[in-house]
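Here is the structure we will look at.
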Amino acid sequence: MNLEVDLGGIRLANPVVMASGTFGYGFGYEGLLNPNEVGAVITKATTREPWAGNPPPRIAETPCGMLNAIGLENPGIEVFLSKYLPRLRSSGAVVIVNIAGRALKEYVELASIIDKATGVAGIEINISCPNVELGGMQLGTAPRMVSEIVKAVKEETNLPVMPKLSPNVTDIVGIATAAECAGADAISMINTLQGMAVDIETKRPVLGNIFGGLSGPAIKPVALRMVYQVYRAVDIPILGGGGIMSAKDAIEFFLVGASAVSVGTGTFVNPRLAMEVKAGIEDYMERHGHTGLDEIIGAAVL
């Protein structure tokens, strides 16, 4: 059975990827899950300079999921390259670096720096950040902005580039096709849905940032619908995710067009989830007589 995947030039030994943020840099899972066991590790978002993140509380549990308002807290690119990347590289992991910024120039600088680093397989572009130059509008909500960012990043690196699409838009297909036309090698989807929670005793929002990103099983139907739509519109591979809690969930994403899947919030519930998903995919393929993932990718798309 062949579970290898070519994710837009990023070679994966298996199709299960650790999503950005929920796995950190992988070291908190030592003894539970080795980074080299999965197809790839997408790092916690990295910015040009250190970001402090949002005020607490930052996390709230919801029915079938959770809200987070971490605010992309991270130590900045220099610390990542000197402290975390060497350790990830030595683990044997396939490393995809998630980059974020508040303006186009920050993405350009990050891409240029990462292109010179050793041990990076690709770049995932976080385009859900508020653009300070446009009054806080999210960078990933307009095709023109997405196109500009992808083009600018591609000009600074020879690494495969994969924008992570925000679901908080009215036309996900328009965003995806803009990314493809701008030169994206693959597409990652979806990021979290915007939501909030309220404490009825204090009569205040639960999160310090008021709004947060909803993830977990609650968003899986939305994610599946969006992957289905985008698969019909683009010719580049899709990394699909959103609420994966089992191999069955992952297989649903393959059937609607994903070439690989990302496991995120479910890892908080079950640190070994990624390996259970991988084993379940193998079992499904064997039971149905499939020898390669290409036999099931997009099979449910009409």
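Read the figures in this text as sums done on the coordinates, not as results from a lab. What you see is a predicted model; the values in this text were computed from it and never measured. Cβ coordinates were reconstructed from backbone atoms using ideal geometry, including for glycine residues, and neighbour counts include every protein chain displayed.
Scan around Ala197 for amide H atoms under 5 Å from its own, H built in the peptide plane at 1.01 Å from N, and keep only partners 5 or more places away or cross-chain. Sorted by chain and number, the residues that satisfy this are Val206, Leu207.
Taking GluC sites (Glu not before Pro) as exposed when their DSSP state is a loop state and no more than 13 other Cβ atoms lie within 10 Å, the longest site-free interval of the chain runs over 31-200.
For Lys116, the aspartates and glutamates whose Cα falls under 13 Å of its own Cα, not counting residues fewer than eight places away in the same chain, are Glu78, Glu156.
For the stretch 1-123, the share of DSSP beta bridges that are antiparallel, to the nearest 5, is 55%.
Backbone geometry of the stretch 87-102 corresponds, through the Karplus equation with coefficients 6.51, -1.76 and 1.60 at θ = phi - 60°, to 3J(HN,Hα) couplings of 5, 5, 4, 5, 6, x, 6, 7, 9, 10, 9, 8, 10, 9, x, 9 Hz, x marking Gly and Pro. With θ taken as phi - 60° and the Karplus curve 6.51 cos²θ - 1.76 cosθ + 1.60 applied, the whole-hertz 3J(HN,Hα) list for the stretch 5-21 is 9, 9, 8, x, x, 9, 7, 10, 6, 8, x, 9, 10, 7, 5, 5, x Hz, x standing for glycine and proline.
Here the simple spin-label model places points 7 Å from the Cα toward Cβ, and for Ser112 and Asp294 these points are separated by 3.9 nm.
Amide H contacts of Gln138: Asn131, each under 5 Å away and 5 or more positions distant or on a separate chain (H built 1.01 Å from N in the peptide plane; Pro and chain starts excluded).
For the stretch 205-302, applying the loop criterion from DSSP together with a ceiling of 16 other beta carbons within 10 Å to the trypsin sites (Lys or Arg not before Pro) yields Arg272. Considering helices alone, the calculated mean residue ellipticity of the chain at 222 nm is -8500 deg cm²/dmol, with DSSP H runs of length four and up weighted by -39500 (n - 2.57) and normalised per residue. Model label sites at Arg232 and Ala152, defined 7 Å from Cα along the beta-carbon direction, differ in position by 3.3 nm. In the calculated pair-distance distribution of the chain, the portion above 38 angstrom amounts to 7 percent of the Cα-Cα pairs.
I need the shape label for the stretch 1-96. Rule: rounded when a/c is under 1.5, else prolate if a/b > b/c, else oblate, with a, b, c from the alpha carbon gyration tensor. Oblate is the answer for the stretch 1-96, as a/c is 1.5 or above yet b/c matches or exceeds a/b.
Annotation for Ile59 and Gln194: the two label points, set 7 Å from Cα along the Cα-Cβ direction, are 2.4 nm apart. Would you mind checking the pairs Lys44/Lys164; Lys44/Lys83; Lys83/Lys278; Lys105/Lys154 and listing those with alpha carbons more than 23 angstrom apart? From Lys44/Lys164; Lys44/Lys83; Lys83/Lys278; Lys105/Lys154, over 23 Å: Lys83/Lys278. All other residues whose Cβ lies under 11 angstrom from that of Ile96 are scored, Lys and Arg at +1 and Asp and Glu at -1, for a net of 0. Around the amide H of Ala45, modelled in the peptide plane, lie the amide H atoms of Gly21, all under 5 Å away and 5 or more residues distant in sequence or on another chain.
Backbone geometry of the stretch 283-288 corresponds, through the Karplus equation with coefficients 6.51, -1.76 and 1.60 at θ = phi - 60°, to 3J(HN,Hα) couplings of 4, 4, 4, 5, 5, 9 Hz, x marking Gly and Pro. With both partners inside the chain, how many of the DSSP beta bridges are antiparallel, as a percent to the nearest 5? The antiparallel fraction comes to roughly 45 percent.
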